[in-house]
Amino acid sequence: MGTSESCKSEELCTELLEFQTGDTSTESVIQTFRLLVYGVLHWVVSLGLILAIDFLLKKAFVAASIEFPSALFGMFCIFSVLIILNYAIPSAAMALMKFFEPGIMFIQRWLPLFYVPYLVVLPLSLKDISPSSAIKICLIVVGGWLATLCVTGLTAIGVRKAVKTELIDAEPMEKPSPFSSSELWAWTGIFLISFVASLVYPTALGTRARTYLPFLLASTVLGYMIGSRLPSSVKKVLHPIICCAASAELTAVVFGFLSKSGLDPVLGYYLTNSSSDPGAGDILMGFLGSVILSFAFSMFKQRKLVQRHAAEIFTSVIISSLFSLYSTALVGRLVALEPSLTVSILPRCITVALALSIVSFFEGANASVTAAAVVVTGLVGANFVQATLDKLRLRDPIARGIATASSCHGLGTAALSAKEPEALPFCAIAYALTGIFGSILCSIPAVRQSLLAVIG
């Protein structure tokens, strides 16, 4: 999953080497191989350290019975270290950024995959939800997205007019590399071999969850790769994350039919929520903490922009977070949605990585419903955010970026920034800060009690 993240520096070094030597001798080939090995090791170590930090923080917070999201604390620590280093030894801060770059690019490249597991197992959670409740949830999610977009955008415009800060160019945001044909064929091979092997030897790796893990993971990855290759016009209707979930779901249906076990058991092995017997979904969910940690590097890179436009960004994000949480609670009560379901969709505008941490503060929340509400919000925003902003006559790139990320997080951000790159830095900042403020608010007992009082 990470070959491309280690190739950029390697290719540049190889081209430079060939330019200097003027040949492709055996020595040059050996040197190229060394650079390749170095690139892979750099990627493994940088990503491994991010995952290790997340794991150790989780363990420490559990041992200390601290409810605050451990990854969010880690993000603050990393950001603080970078700021201090940049003030004391700027070269050290830049070196640290450069060191973790391969790992960060890996996380950004595969980010949508980490949202998928709860969407795949959604059929198991929907069994206990009535059709009327499902309709109410959809109405709250769609209407809430539109309301949050309007409130955030208009707030940003109002503050912009008050402070009159001139817009400056942001630091360029590097885009992850596209998927290659070799990656596609490699994952196809893994899928076919492990699928057949699991049919013949269902407990070959000790348990069914471990045995099914390779082909269920491969089906999810292949769905994302194929979805990413679709034409832009098709992606508006069939987003890559939908292809991703549909691919895993279809694989589970086919395997359940051929093995005569049915769909539900296979989905149960996809996401076991057990560290001792993980499924494909558990592996993907294990990266959510690292996603939050990566926010520190994104915000540090755009620190000058954050400082210059602090009034617009922080005011809009805080108001957006408060409005989103309390409006969801109020509308849920008005339409008589079950309190447990209303609680589950409170963080609908916040990225999955932090939304799941937020609902863990509340008893009786359904994490699958939370993840589905977040993903649906993102999909609605990805398809309609640009046209809606145009209808609202919000032309300012700062307002467009903040409103998009605060209302439909990463999926909306990706859709808007593809056509409006000037809005991407503000999307990236608001994307991180909305989740951060939402988590901080819900970690305060008085805020949680007030939300529950509104829900009834």
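The values are calculated or read from the model by the stated rules, or taken from the named source; none is laboratory data. The model shown is predicted, which means the values in this text are computed figures rather than measured ones. As a convention, Cβ positions derive from the backbone with ideal geometry for all residues, glycine included, and neighbour counts pool all protein chains shown. The area values use the complete protein model at the heavy-atom level, side chains included, leaving out ligands, DNA and RNA. Shrake-Rupley method; radii C 1.70, N 1.55, O 1.52, S 1.80 Å.
List of remarks:
- A 1.4 Å probe, protein heavy atoms only, puts the accessible area of Ile89 near 90 Å².
- Length-normalised contact order for the chain - Cα pairs under 8 Å, 6+ apart - percent: 20
- Average accessible surface area per residue within the chain, 1.4 Å rolling probe, Å²: 45
- Percent carbon-and-sulfur accessible area, the chain, ignoring ligands, DNA and RNA, probe 1.4 Å: 68
- Pairs from Lys164/Lys301; Lys235/Lys419; Lys161/Lys391; Lys161/Lys304; Lys304/Lys391 whose Cα-Cα separation, in the structure shown, is over 22 Å: Lys164/Lys301; Lys304/Lys391
- P(r) histogram, all alpha-carbon pairs of the chain included - 10 Å bins from 0, percent: 4, 19, 29, 27, 14, 5, 1, 0
- Among Val335, Leu288, Leu263 the positive-end extreme of the charge dipole of the stretch 262-343 (Cβ point charges): Leu288
- Neighbours of Pro90 by Cβ distance under 14 Å: Lys/Arg scored +1, Asp/Glu scored -1, total +4.
- Candidate residues Arg348, Arg210, Arg448: accessible-area rank, largest first, probe 1.4 Å: Arg210, Arg448, Arg348
- Ranking by accessible area, most exposed first, for Asp54, Asp396 with a 1.4 Å probe: Asp396, Asp54
- Sum of side-chain charges, His309 neighbourhood, beta-carbon under 12 Å (Lys, Arg +1; Asp, Glu -1): +2
- Range in the chain, longest, excluding exposed GluC sites (Glu not before Pro) [loop by DSSP; at most 13 other beta-carbon atoms within 10 Å]: 175-362
- Shape category assigned to the stretch 124-238 from the gyration tensor of Cα positions, a/c cut at 1.5: oblate
- The Leu205 and Ala92 beta-carbon pair, evaluated with R₀ = 30 Å, returns a calculated FRET efficiency of approximately 0.10.
- Most to least accessible of Phe255, Phe33 (protein chains only, probe 1.4 Å): Phe33, Phe255
- Charge-dipole axis of the chain as Lys and Arg at +1 and Asp and Glu at -1 on Cβ define it, positive-most pick from Phe215, Tyr326, Cys244: Tyr326
- For Met225, the solvent-accessible surface with a 1.4 Å probe is about 0 Å², rounded to the nearest 10.
- When only the Cβ of Lys, Arg, Asp and Glu is charged (+1, +1, -1, -1), the dipole of the chain relative to its Cα centre reaches about 1160 debye.
- DSSP H segments from the chain that extend 24 Å or more along their own axis, Cα-based, with Kyte-Doolittle mean of 0.0 or above: 26-63, 70-88, 90-110, 131-163, 181-200, 208-228, 240-259, 310-334, 367-391, 424-442
- Positive end of the dipole of the stretch 74-175 (Cβ unit charges, origin at the Cα centre): among Leu149, Phe106, Ser80, the Cα lying farthest that way belongs to Leu149.
- Loop-resident trypsin sites (Lys or Arg not before Pro) (DSSP state other than H, G, I, E or B) in the stretch 40-128 with no more than 16 further Cβ atoms inside 10 Å of their Cβ: Lys127.
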